[in-house]
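Each reported figure results from applying straightforward, stated rules to the coordinates on display, with no laboratory input. Keep in mind it's a predicted model, so treat the numbers as computed, not measured. Here the Cβ is made from the backbone with ideal geometry for all residues, glycine too, and neighbour counts use every protein chain on show.
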Amino acid sequence: MRLPVTSDGERIFQLYATDPDVTKYLAWKPHRNLSETNQFVQSRIQEWKEESRFTWCIESDSSQLLGLISCKPQSDSSYSVSYVIGRQFWGQGFGSKVANELVNYLVNQPNIFRVEAYCDTDNVGSSKVLEKIGMQFEGVAKRKANVPNLSDEPQDCLQYALTS
């Protein structure tokens, strides 16, 4: 994992930002042009400065960009985690590996007592990743997330958490 840089926009655009299968369950629609993706990357860099969200690029051992992973403070003692992996890297364990590292890092901090993640009720791949890394299913959060690729109305989500 590494911090995002401005030049990541083009690779993210090519890797997944325009892919309707990858963005299906995300909180934004597929990008129509590189400018949208560059703005997205800049917002993630700015969020680091503001300490409002922390996003890392996920890379292979050969420094190939595979996706992104983020954590966002929910309170002084709670964080949420989210991630996205390019479709050609699905099923290879990359999401599980980095999610496990980040969740375990967070839950082992002295002042963090809860790490949570949500996924759409139909997002089987993400629910498997969250279970594989030891997060506990807590239930269905009704009308929790805006998923514009599925509906204009908030969608139900599976809620997972790991506590210390």
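A few comments on the model shown:
- Every listed requirement among (1) closer than 21 Å to GLN159 by Cα; (2) of a type in the set (D, E, K, R); (3) touching a helix residue (DSSP H, G or I) at 6+ places or on another chain (Cβ under 7 Å) is met by ARG87 save one, (1).
- Residues within segment 35-84 that are hydroxyl-bearing (Ser, Thr, Tyr), free of Cβ contacts under 8 Å to residues at least 24 places away in the same chain and not in a loop (DSSP other than H, G, I, E, B), tallied: 3
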